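Comments concern the structure below.
The values are calculated or read from the model by the stated rules, or taken from the named source; none is laboratory data. Computed from a predicted model, the values in this text were never measured in an experiment. All Cβ positions, even for glycine, are placed from backbone atoms using ideal geometry, and neighbour counts span all protein chains on display.
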Amino acid sequence: MSSVQTHVLGFPRIGARRELKHALESYWRGDIPREELLDTGRALRQRHWQWQAQAGMDRVTVGDFSFYDHVLDMAQTLGVLPSRFQNAATQHRLDQGFYMARGRSSDPTLPDVPALEMTKWFDTNYHYLVPELTSDQSFFCQPHTLVEEIREAQALGLEPKPVILGPLSFLYLSRVKGQGDRLDLLNKLIPIYQELLEHIATQGVTWVQVDEPILALDLTCAWQRAFETAYQALKGGGPRILLASYFGSLGQHLPWVLQLPVAGLHVDAVRGAGELDPVVAGLPLDKVLSVGIVDGRNVWANNLETSLGRLAPVSEELGQRLWVSSSCSLLHVPLDLDLESELDGEIQGWLAFAKQKLQEIQWLRLGLVEGREAVVGPLARRRAALEARWRSTRVHHSEVRDRARRVTEDQTRRQSAYPLRAAAQRARLNLPPLPTTTIGSFPQTHDIRRIRKAFRSGKCTSADYEQAMQAEIERVIRYQEQVGLDLLVHGEPERNDMVEYFGEQLAGYAFTRHGWVQSYGSRCVKPPVIYGDVHRPRPMTVEWSRQAQSLTNRPVKGMLTGPVTMLQWAFVRDDQPRSETALQIALALRDEINDLAAAGIPAIQVDEPAFREGLPLRRGDWDAYLTWAIRVFRLATGGVGDDVQIHTHMCYSEFNDIMDAIAGLDADVITIETSRSDMALLDAFEQSTYPNEIGPGVYDIHSPRVPETRDMIELMQKAMALIPAERLWVNPDCGLKTRDWDEVKPALARMVEAAKVLRNQVSREALTSAEAS
Ligand code: GLN
Ligand code: ZN
């Protein structure tokens, strides 16, 4: 009998009842002392370690817990404190970290300063804080927090396996201020890592997990070589290193990664499924292989049968050198499926959250070590659940599939090209030059939230609810007329979340009650689960839009979430390609868009804020993604007549590298986020021309600051130097739902004023040039 070891790469931190979130927010408000927050963290760690131990893990993962973010923790462990936070140098490490993360200190003598930049952790919805380094950066080893947590686990009689972010990934994810290549800092960083590993070894730790997720990215030769340098220097003295790569295959890196001087390798056998054989074949005899076969990125129950089938030959080949694990940290899935008392029982049987995934790993180990007989019960139950899933009529709708199969290229094209459509839309909408509009939502006041909540919990009738929403829509329409906006919106009072709102009305989506996943700091999201063929049983927004349009002579814009974003912000089914699920969503949205058009709505916005984040990690995979992402957007919007104006909205400005794809969507108007980075906007327009209309957001809604008319005029003038005024719109850079009316009113009044000033300029210039000719 072989022996197989088990572990996970990391575990969720937030807690079953989001205890960490509540404790953090209480602490920031000053309602609880630091000790209480620290206690909450300790209790969560211990509970999660106990679960790992109960599930038979040989080692519990330590160092994956964080009060805010593990990349920030690593920066602190390496003694990185950017200069603007220096006056917090003597503070408790926890408070220093919060100061960097939030730009605000609990100590009133410390000024507010810009927080560290936050950005997405690879292709997940988790955000990390970008370490800020200088070209002459010094590092200092600060191992105490990690050492304390190692001791905490040992005190419980558990064997800890600390995890740290590796030196290459740390540098890669950092930003060096001013001049300087971050890789030049590696020489200074290596001794600090050596010191850290020695501290860990002193605790009697035998294995340390060193995460190098950048191995899932394309890397230049310099970065590839740096791996060899770094790990040569780190081998020896300390604990044995398990080098962990995840979020993808090793691809071209495979040959040299296998030869790195480390004691073990972890590979993602879910996303890198096809690579397991070559990894096993090429694995040097002195190395352990940790196979991440339980998906850390999705919520589906593991097909234990298939996994055992894949692992058995590996176990045969590697014997004791095989470890079984999750593909990546379980941070990216919800904590415990058993809390979902309201989820449909059948669907529940198809799922596994973090705690259930521990159990799956245990079953896989048992099956390998003691033979299938040891796990007949779990295998049989799982087989039955999966077979039910494959056959379920709730998953499979032949009509939906037939319709998806019959989609023609014609359906993905508008009737005419943009210039003809623009003429038809101009005639119908009759807007002034440089028209003003907003991105959709208006402030979600306390009252709106209260009524929505009451309706959801059955505490108010649907008649009362509808009346309240209608009253709000009327208020928002009247306000927009009065301030002088040109293309109006209904304000989205009925929506809590732009994905959940539509998911709840579409067939094929399920919602959890406690399925929270950390997004950043104390913020969590609860992604829906797409489990079946998606279709639209009935219209979703048509009545609200129709009502809004009936209240005014000005044109009203309908408002939907696009197919790529609907997909990207959900847990997606794993039994068909993502592109297929997106196609189904697109068809459902196409019906909605056609219904809106038939109801007389002259403009429809299809939001795609997640379009860019869907890009695969490796460049070589971009084209395939962009091809289907463009196609589904065009399918959703391609069914309306020329005189219906299709808008889209994206919340970022870095689209230089995907400008062609964005143009390929062929929306009549795109509104984008630019107010925070006018330079990025200019870059994008300098390099390639956007052929249709564009509204570069001139009012940064992420800031409570009310912009000056002058600033907005200036931003628009920059845009006008690159794009003809006939194709420009004036609008904020995102929805207004998180702002107060007190901020929105003066800001929009100034925005309308700015548009008027610009229009006068444009018509004066037109006059002068007419006179001159
Ligand atoms: N229409 C949405 C709103 O205004 C867009 C939100 C977004 O882009 N994230 O709220
Ligand atoms: Zn936005």
Looking at this structure, is Glu492 on the phi > 0 side of the Ramachandran plot and not small (Gly, Ala, Ser)?
yes
Conditions (1) buried (at least 19 other Cβ atoms within 10 Å of the Cβ); (2) not in a loop (DSSP other than H, G, I, E, B) -> Pro334 fails only (2)
Note: among Gly309, Gly274, Gly282, Gly319, just one is small (Gly, Ala, Ser) and within 30 Å of Gln348 (Cβ to Cβ), namely Gly309
Hey, Thr581 touching an Asp or Glu at 6+ places or on another chain (Cβ under 6 Å), in contact (Cβ under 8 Å) with a residue 12 or more places away in the chain and not charged (D, E, K, R) or not:
no
Matching residues in segment 581-619 - criterion: being in a helix (DSSP H, G or I), more than 16 Å from ligand 1 (Cβ to nearest atom) and either in contact with a helix residue (DSSP H, G or I) (Cβ under 7 Å, 6 or more places away or on another chain) or more than 26 Å from Glu399 (Cα to Cα) (or both)
Thr581, Ala582, Leu583, Gln584, Ile585, Ala586, Leu587, Arg590, Asp595, Arg619
Which of the residues belonging to segment 444-454 are buried (at least 20 other Cβ atoms within 10 Å of the Cβ) and either within 16 Å of ligand 1 (Cβ to nearest atom) or in contact (Cβ under 8 Å) with a residue 24 or more places away in the chain (or both)?
Gln444, Ile448
Between residues in segment 477-498 that are away from ligand 1 (no atom under 16 Å from the Cβ) and residues that are outside any strand (DSSP E or B) and β-branched (Val, Ile, Thr), which pairs lie under 7 Å by C-beta distance while being six or more apart or on different chains?
Glu481/Thr552; Val483/Val752; Gly484/Val752
Considering only segment 414-469, how many residues are assigned to a loop (DSSP other than H, G, I, E, B), of a type in the set (A, V, I, L, M, F, W, C) and over 35 Å from the mean Cα position of the chain (by Cα)?
1
Of all residues in segment 720-751 being away from ligand 1 (no atom under 16 Å from the Cβ) and over 18 Å from Val669 (Cβ atoms), which is modelled with the lowest pLDDT?
Ala721
Yes or no: segment 624-647 includes at least one residue that is at negative phi, within 16 Å of ligand 2 (Cβ to nearest atom) and hydroxyl-bearing (Ser, Thr, Tyr).
no
Taking the options Arg475, Arg495, name whichever one is touching a strand residue (DSSP E or B) at 6+ places or on another chain (Cβ under 9 Å), modelled with pLDDT of 95 or more, part of a loop (DSSP other than H, G, I, E, B) and of a type in the set (Lys, Arg).
Arg495
Residues in segment 555-568 that are touching an Asp or Glu at 6+ places or on another chain (Cβ under 9 Å) and within 15 Å of ligand 2 (Cβ to nearest atom) total 7
For Gly484, state whether it is touching a helix residue (DSSP H, G or I) at 6+ places or on another chain (Cβ under 9 Å), crowded, with 22+ Cβ neighbours inside 10 Å and of a type in the set (Gly, Ala, Ser).
no
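So that you can scan it fast, the table gives a plain yes or no per residue for (1) buried (at least 19 other Cβ atoms within 10 Å of the Cβ); (2) on the phi < 0 side of the Ramachandran plot:
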site	(1), (2)
Ala374	no, yes
Ser398	no, yes
Gly440	yes, no
Ala468	yes, yes
Test Glu360 against the criterion of being more than 30 Å from Asp486 (Cα to Cα), exposed (fewer than 13 other Cβ atoms within 10 Å of the Cβ), touching a residue at least 24 places away in the same chain (Cβ under 8 Å) and among the charged types (D, E, K, R), and give yes or no.
no
Could you grab the pairs with beta carbons closer than 9 Å, sequence gap of 6+ or different chains, first residue in segment 86-99 and among the acidic types (Asp, Glu), second one outside any loop (DSSP other than H, G, I, E, B) and surrounded by 15 or more Cβ atoms within 10 Å (Cβ to Cβ)?
Asp95/Ala88
Taking Ser441, is it at pLDDT below 95 and not charged (D, E, K, R)?
no
Does any residue in segment 607-624 that is among the aromatic types (Phe, Trp, Tyr) come within less than 7 Å, Cβ to Cβ, of a residue that is away from ligand 2 (no atom under 13 Å from the Cβ) six or more places away or on a different chain, and which pairs are these?
Phe611/Val564; Phe611/Ala629; Trp622/Leu615; Trp622/Pro616
Would segment 30-38 turn up any residue that is over 24 Å from Leu165 (Cβ atoms), touching a His at 6+ places or on another chain (Cβ under 7 Å) and surrounded by fewer than 20 Cβ atoms within 10 Å (Cβ to Cβ)?
yes
Looking only at segment 277-293, and only at residues there that are among the hydrophobic types (A, V, I, L, M, F, W, C) and without any contact (Cβ under 8 Å) to a residue 12 or more places away in the chain, the one that is surrounded by the most Cβ atoms within 10 Å (Cβ to Cβ):
Ala281
Looking only at segment 88-99, decide whether some residue is under 26 Å from Cys524 (Cα atoms), modelled with pLDDT of 95 or more and in a loop (DSSP other than H, G, I, E, B).
yes
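Rundown of residues vs (1) surrounded by fewer than 21 Cβ atoms within 10 Å (Cβ to Cβ); (2) modelled with pLDDT of 90 or more, yes/no style:
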residue	(1), (2)
Asp660	yes, yes
Gly664	yes, yes
Ala667	no, yes
Asp683	yes, no
Pro691	yes, no
His702	yes, no
Glu714	yes, yes
Ala423 - would you say it is surrounded by 13 or more Cβ atoms within 10 Å (Cβ to Cβ), more than 27 Å from Asp591 (Cβ to Cβ), out of contact with any helix residue (DSSP H, G or I) (no Cβ under 8 Å at 6 or more places or on another chain) and not β-branched (Val, Ile, Thr)?
yes
For Leu635, the lone unmet condition from (1) part of a loop (DSSP other than H, G, I, E, B); (2) modelled with pLDDT of 95 or more is (1)
Pairs where the first residue, in segment 194-219, is in contact (Cβ under 8 Å) with a residue 40 or more places away in the chain and the second is in a helix (DSSP H, G or I) and polar (S, T, N, Q), C-beta under 7 Å, 6+ apart
Leu196/Thr77; Asp211/Ser169; Glu212/Ser169; Pro213/Ser169; Ile214/Ser169
